Amino acid sequence: MLALTGGNLIDGTGGPPLSDAAVLVNDQGRIEAVGKRAAVALPPECHVIDITGLTLLPGLIDCHDHLTSFGYDLMGRWGLAEPQSARVLRVAKVMEETLLSGYTAIRDCGWLDAGYKQAVEQGLISGPRLQLATSPLSPIQGTANRSSPSGHHQPTSPNPNLPSGIADGPDEVRATVREVVRAGADVIKFFNTGFGRQTQSGTTRSYNAAETQALVEEAHIHGKTVACHALGGPGLRTAIEAGVDSIEHGCLLESEPDLLKMMADKGIYLVPTFTVFTFHATQGNPHAQAEATGFRQQHIDTVQKALSAGVRVVAGTDAGGWEHGNNAKEMELLVAAGMTPMQALVAATGWAAGCLDLADSIGTVEAGKFADLIVVDGDPLSDITLLQDKERIRLVMKEGKVFLDRVSSV
Ligand SMILES: [Zn+2]
């Protein structure tokens, strides 16, 4: 048994912090007990780490990452820029850095294959708990169907673990969902609008209603959640009506109050991914810059309207497009969009676990859940940006195992 004692606990539920707390972790990697230090009985053989003066939180969760992506240039995206082995090792390094920055769970929304998850689970590499989309679905001309300005199409993936994901018509969509499930997907991701391309804006619809319904139904038959990239327009509406489980981006939702109500009624999460759009607006291609700048205020207004409508807004960065290892930036941007620091923390912990359909096992510091815990120096409720400072991440534990400990060793 192991115990963290004396810290200020923010438990991920949104409830008030608990001072002088204790968390007891059992040998199965789960939280045995949590409460005021005086109220938690510690067994005599328990290893105690004193975290007095520090803040204890659930491990952070990013609901939208791309661990295997490095920028938007064609060579990189098509896997032509370096040998596969170098890419695999580069991804492994990012996974370890992401874990050590306090992120104990990542939902990868595209192109990370199941081998990475196996490697983490088998202890070959250190990384966050992973939830994978493997290959996102898209029709011909959709976002995942890449072609170059010269008209050349993306070469077939050299990785047989990643299906192409391109499917048209309800029957092909169903078959491709099955293919992606076979490849190890935990969540079915699809693109139902574009963004930032001459031929695809955030309001260009990809799948029609019949295709979208087939996708959602087939995914749910296999017990998988559905994450849909949609910014606005008919593709966004079609996805919400079909009952996807999360809307990725959703930048134009503020102008669609009936859709926000539908999302709240159906329990559909919103992952606004401000991080990536902050970069798109300043460093993207001309189309992306114009589009992201154009809807910036609408995107911000969407957060408040979504919360008022009862939609759960969660943290996801869409990292990989522009940077890795600074996933906590999203919480700063959620606060800038009007969330309180506590709401932003819940968006990256308790609610995020719900978005991953893992609310029973992670996301909050409660007895019975996995001990995915972090200890930080300072109070994120008074300064949410401190979570981006790697030096202030003092301890990282995933499933009871300590991966970083700057507390005991100081
Ligand atoms: Zn993405």
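Remarks
- Of all positions in the stretch 161-170, at least one carries a residue that is touching a strand residue (DSSP E or B) at 6+ places or on another chain (Cβ under 7 Å) and within 16 Å of the ligand (Cβ to nearest atom).
- Boolean, LEU404 is among the aliphatic types (A, V, I, L, M), part of a strand (DSSP E or B) and over 17 Å from LEU130 (Cα atoms): yes
- Some residue of the stretch 5-23 being open to solvent by less than 20 Å² (accessible area, probe 1.4 Å), in contact with a helix residue (DSSP H, G or I) (Cβ under 9 Å, 6 or more places away or on another chain) and either within 16 Å of the ligand (Cβ to nearest atom) or among the polar types (S, T, N, Q) (or both): yes
- In summary, PRO286 fulfils each of the numbered conditions (1) away from the ligand (no atom under 16 Å from the Cβ); (2) at pLDDT 95 or above; (3) not hydroxyl-bearing (Ser, Thr, Tyr) with the single exception of condition (2).
- Checking each residue in the stretch 188-199 for being in contact (Cβ under 8 Å) with a residue 60 or more places away in the chain and touching a helix residue (DSSP H, G or I) at 6+ places or on another chain (Cβ under 8 Å) picks out PHE195, GLY196, ARG197, GLN198.
- The stretch 125-152, subset more than 16 Å from the ligand (Cβ to nearest atom) and among the hydroxyl-bearing types (Ser, Thr, Tyr), residue most open to solvent (accessible area, probe 1.4 Å): SER150
- Any hit, the stretch 363-373, residues being modelled with pLDDT under 95, out of contact with any Cys (no Cβ under 7 Å at 6 or more places or on another chain) and among the aliphatic types (A, V, I, L, M): no
- Considered as a group, the residues in the stretch 199-231 that are within 16 Å of the ligand (Cβ to nearest atom) and closer than 26 Å to GLY294 by Cα include one that is modelled with the lowest pLDDT, and that residue is GLN200.
- Set GLY15, GLY35, GLY7: member being assigned to a strand (DSSP E or B), without any contact (Cβ under 8 Å) to a residue 60 or more places away in the chain and not β-branched (Val, Ile, Thr): GLY35
- Yes/no for PRO155 being open to solvent by 10 Å² or more (accessible area, probe 1.4 Å), more than 16 Å from the ligand (Cβ to nearest atom) and in contact (Cβ under 8 Å) with a residue 40 or more places away in the chain: yes
- Any hit, the stretch 348-370, residues being part of a helix (DSSP H, G or I), touching a residue at least 12 places away in the same chain (Cβ under 8 Å) and within 16 Å of the ligand (Cβ to nearest atom): yes
- Residues of the stretch 188-199 classified as within 30 Å of ARG129 (Cβ to Cβ) and surrounded by fewer than 24 Cβ atoms within 10 Å (Cβ to Cβ), total: 0
- Members of the stretch 322-341 that are within 16 Å of the ligand (Cβ to nearest atom) and more than 14 Å from the chain's Cα centre (by Cα): TRP322, GLU323, LEU333
- Test for ALA41: is it within 16 Å of the ligand (Cβ to nearest atom) and at pLDDT 95 or above: no
The values are calculated or read from the model by the stated rules, or taken from the named source; none is laboratory data. Quick caveat, the model's predicted, so the values are computed rather than measured. In this analysis, Cβ positions are derived from the backbone assuming ideal geometry, glycine residues included, and neighbour counts consider all displayed protein chains. We work out accessible area using only protein heavy atoms, side chains counted, and drop any ligands, DNA or RNA first. Shrake-Rupley method; radii C 1.70, N 1.55, O 1.52, S 1.80 Å.
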